[in-house]
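Working notes for the structure below.
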Ligand SMILES: Cc1ncc(COP(=O)(O)O)c(C=O)c1O
């Protein structure tokens, strides 16, 4: 049993009343009523552009401050280093353009075959425009681990930036970001961490991770569709985006183009509160978030082990591709002789949602040699139950017996 009241937690999610078992959390989680209400309250309350004169202005101002404070707590960062973005993809494209202004021939950028394409392609395209070279950290398909045997050669004195994921959204693998970051910092390179998948399952601490810049997306952990970039304000001071003349040149405002979606910020803040409330008690919000993550991790690990035990009984009908030593509770699998899309459809007929695809992990998918057949991704989430897992396993077993 989880360290929180699962039934009471689940009752806060209107979409769970449909009876659907949602194993598609890595694509985006279900949203609690509290988050929806925060959005409604902010949007329909007195609301204007930011300012300090009238309540409608201070409401907007407060939504921004609350958001920066909540994500500073969630990510172990400084509120002045929290930047809102529409998506992690958009933020990474933006920052690749800002940072590449300082790159030129002779410089190198390092990307990995473990990453979602949003932390690969923007860097490749920015490097190409700047005349910089691209180097790769490979993935070992047999172990599902990032291959770091040539780390010191790939990350060298010419490296300007290393872009690496904190967890693969396809395999769940958690690469040793700190080891990579230490090497990058030893040669004076920046480290850009994609924590979009990881942040739903583990505690992020910007400094401990060794990340100079880090992105995550609240819609992967109970929030609305938006994204957050965290970095130290001192680093952000050194980065100069193209911007409108009248818009603020302050950090972090200068990276946020146009009017902010205050209601979305309020929803994203509430998602952090919902998580923190999983560990009620005293202590700072950061303390409660750390405790809540431990409770969620224990619950999700138990569910993952239940799925894995069930899959083991299906023998060679299932090939589990998620096998790294350190990984999130996200399981990617293929079915010899079957199309994963058909398996996904058969599960959907039983109200079990586990999508098939490559999930934009374009390089990982190709490296696994899976060009022809998509795989199935089964992701754990804080609101899933043992009954959900049993329904998944029953539906899967029945389909594979046909
Ligand atoms: C690991 C990872 N990185 C990046 C992204 C892209 O995030 P966004 O939709 O916020 O651009 C995703 C989305 O699935 C992801 O799982």
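Here, each number is a calculation from the coordinates, and none is a lab measurement. Please read all numbers here as calculations on a predicted model, not as lab measurements. When we count neighbours, we look across all protein chains shown, and the Cβ atoms used for this are built from the backbone with ideal geometry, even at glycine.
Overview of values
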{"item": "Globularity index of the chain, i.e. its alpha-carbon radius of gyration over 2.2 N^0.38 Å", "result": "0.99"}
{"item": "For segment 1-111, the spread of Cα positions along each principal axis, largest first, Å", "result": "57, 45, 24"}
{"item": "Cα Rg, Dmax (largest Cα-Cα span) when computed across segment 1-42, Å", "result": "11.7, 36"}
{"item": "Segment 119-163-segment 6-66 distance, computed between alpha-carbon centres (Å)", "result": "37 Å"}
{"item": "Alpha carbon convex hull of segment 217-340, projected area averaged over orientations, nm²", "result": "12.3 nm²"}
{"item": "Sorted by Cβ neighbour density within 10 Å, fewest at the top, the residues 311, 139", "result": "311, 139"}
{"item": "Semi-axes of the equivalent ellipsoid for segment 261-327, Cα gyration tensor, largest first, Å", "result": "34, 16, 10"}
{"item": "Choice from 278, 314, 146 showing the highest fluctuation, given a GNM over the chain with Cα pairs closer than 10 Å", "result": "314"}
{"item": "Mean Cβ count within 10 Å, highest first, over the residues of peptides 149-155, 64-70", "result": "64-70, 149-155"}
{"item": "Percent of Cα pairs exceeding the 21 Å cut-off, where the set is segment 315-397", "result": "28 percent"}
{"item": "Counting all C-alpha pairs of segment 88-216, share separated by more than 18 Å (%)", "result": "47 percent"}
{"item": "Likely footprinting exposure, 226, 216, fewest C-beta neighbours within 10 Å first", "result": "226, 216"}
{"item": "Sorted peptide list for 124-136, 227-239, criterion being average Cβ within 10 angstrom, highest first", "result": "227-239, 124-136"}
